[in-house]
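Chemist: Let me begin by handing over the structure; questions about it come next.
All of the numbers you see were taken from the coordinates with simple rules; none came from a lab. The structure presented is a predicted model; accordingly, all values stated were derived computationally and were not measured. A quick note on method: Cβ atoms are made from the backbone with ideal geometry, for glycine too, and the neighbour counts reach across all protein chains shown.
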Amino acid sequence: MASGDAHRQWFPEMIEALRQHWTPDLSWSDITLLASLLDNMLWQIRKDRNIIPPMLTCPKCGVRGRSRFAGISVNATILAAGRFGVTPKNEAKQLSRRWEKYRKEHDLDIHGKRRSNEF
């Protein structure tokens with residue numbers, strides 16, 4: 001495992017996939033599918049390279065343990081498109097704001113899936 005990989009969210013092959021699949025006219029469902037593809041790629045990369053979560057120390061009690069890996073959300077995908085020059089940053093920010101509004105209106109989670117009201 002390369003130094004720093006445990007903290008990395010965006011690997012070069014994921015950025016390349018983002019570049020290949022991103023178009024300015026993607027629908028919300030297309031962006032959601034792209035985010036899911038990138039999230040699956042991330043988990044597969046971590047598995048294939050035997051990347052384990054970094055150690056974390058609790059600031060309250062001092063206990064050390066492994067943190068949890070985060071995934072790739074729809075908003076992370078949108079902002080990454082701006083960050084990596086796939087789309088202009090200002091367009092990515094506007095799209096991010098529209099996504100948050102759409103997500104709230106349709107009661108979706110950060111991955112674009114409908115939230116369950118069941119407990």
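Chemist: Tell me what the chain gives for mean residue ellipticity at 222 nm when only DSSP H runs of n ≥ 4 count, each as -39,500 (n - 2.57), the sum divided by the residue total, rounded to 500 deg cm²/dmol.
Modeler: Only helices count here, giving -16000 deg cm²/dmol.
Chemist: Oh, and also: Alpha carbon centre of the stretch 58-113 versus the stretch 6-33: separation in Å?
Modeler: With the stretch 58-113 and the stretch 6-33 each reduced to a Cα centre, they are spaced 12 Å.
Chemist: When only C-alpha pairs under 8 Å and at least 6 residues apart count, what is the relative contact order of the stretch 1-106, in percent?
Modeler: Taking the mean separation of contacting Cα pairs over the length of the stretch 1-106, I get 27 percent.
Chemist: For a quick check: sort Asp109, Asp25 by the number of other beta carbons within 10 angstrom, fewest at the front.
Modeler: So the ranking, lowest neighbour count to highest, is Asp25, Asp109.
Chemist: Please name which of Cys58, Phe69, Leu33 has its Cα lying farthest along the dipole of the chain towards the positive end, using unit charges on Cβ (Lys, Arg +1; Asp, Glu -1) and the Cα centre as origin.
Modeler: After comparing all options, I get Cys58.
Chemist: Which of the lysines could a cross-linker span from Lys93 if the Cα-Cα distance has to be under 25 Å and same-chain partners fewer than 8 positions apart are dropped?
Modeler: Lys101, Lys104, Lys113
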